[in-house]
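The next block holds one structure in the form of structure tokens; read it before the comments.
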Amino acid sequence: MIYAKIENQEENKRLEDALKASKDKKWYRRLEIIQNSAKGIIVPKLSEIFSICQQTVRNYINAYNQGGLDELMPDKQSGRPPKIGHWTKADWDKILEQTPNQYEKLKTHSRQWTLERMALYLKEYHGIEVTIQSVYYSFRKTRRGTGRSKLRVGSPDPDYTAKRAGVKAVQNLHLRDN
């Protein structure tokens, strides 16, 4: 029988700390398998408990016995990197400061952003062709809302906000005089 070998108390503490700090379910499962194996649970039972094949359990135990937690760590998943996955909230805010009708290449009179318009913006201004779902997931990742938008009054005039504040101040003065 093969079992995970935890050599000393320090290694056991490191394993417990890794279990507490784990946020990835695959990593957590691997740590649980090692911990249970070290307690003497056999491979077929671990395979049944975690619903994975016995060879996978053996691979995890062998990796841990050879190199500890560092060897057990899952490899980064391969695959195509996202086209807009690196964009931050600040990047999106910079685009959303203006309304779609202020971007000439979009050829729209609308002042409301939609995911479709954002995908078109990315294609026209950045040369990035993405799906609507990609835009949605990028917004979610940066904690930007994608719900119903609010009508924003905007203007291409750079002094618009100052002028608008002046108009509101005059309106407030007029209301106080009555």
Ile84 meets each of (1) part of a loop (DSSP other than H, G, I, E, B); (2) modelled with pLDDT of 90 or more; (3) surrounded by 14 or more Cβ atoms within 10 Å (Cβ to Cβ); (4) not assigned by TED's automatic domain parsing to the domain that holds Tyr28 with one exception, condition (2)
Within segment 89-113, the count of residues that are at pLDDT below 90 and of a type in the set (Ser, Thr, Tyr) comes to 2
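Take the residues in segment 131-145 that are of a type in the set (Val, Ile, Thr) and within 12 Å of Glu116 (Cβ to Cβ); name whichever of them is surrounded by the most Cβ atoms within 10 Å (Cβ to Cβ). Spell out how you get there, then give the answer.
Step one: of segment 131-145, the residues of a type in the set (Val, Ile, Thr) are 131-132, 135, 142.
From what is left, the residues that are within 12 Å of Glu116 (Cβ to Cβ) are 131-132, 135.
Working: Thr131: 11, Ile132: 13, Val135: 22.
Among those residues, the one meeting the criterion is Val135.
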If we keep only residues of segment 1-58 that are in a helix (DSSP H, G or I) and among the acidic types (Asp, Glu), then the residue farthest from Leu69 (Cα to Cα) is Glu48
Next on the checklist: So, Ile128, is that one among the β-branched types (Val, Ile, Thr), touching a Leu at 6+ places or on another chain (Cβ under 7 Å), within 21 Å of Thr142 (Cβ to Cβ) and free of Cβ contacts under 8 Å to residues at least 24 places away in the same chain or not?
Outcome noted: no
Checking Ile41, Ile34 in turn, the sole residue that is over 30 Å from the mean Cα position of the chain (by Cα), aliphatic (A, V, I, L, M) and farther than 30 Å from Ile128 by Cβ turns out to be Ile41
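The values are calculated or read from the model by the stated rules, or taken from the named source; none is laboratory data. These figures come from a predicted structure and were not determined experimentally. Heads up, the Cβs are rebuilt from the backbone with ideal geometry, glycines too, and the neighbour counts pull from every protein chain shown.
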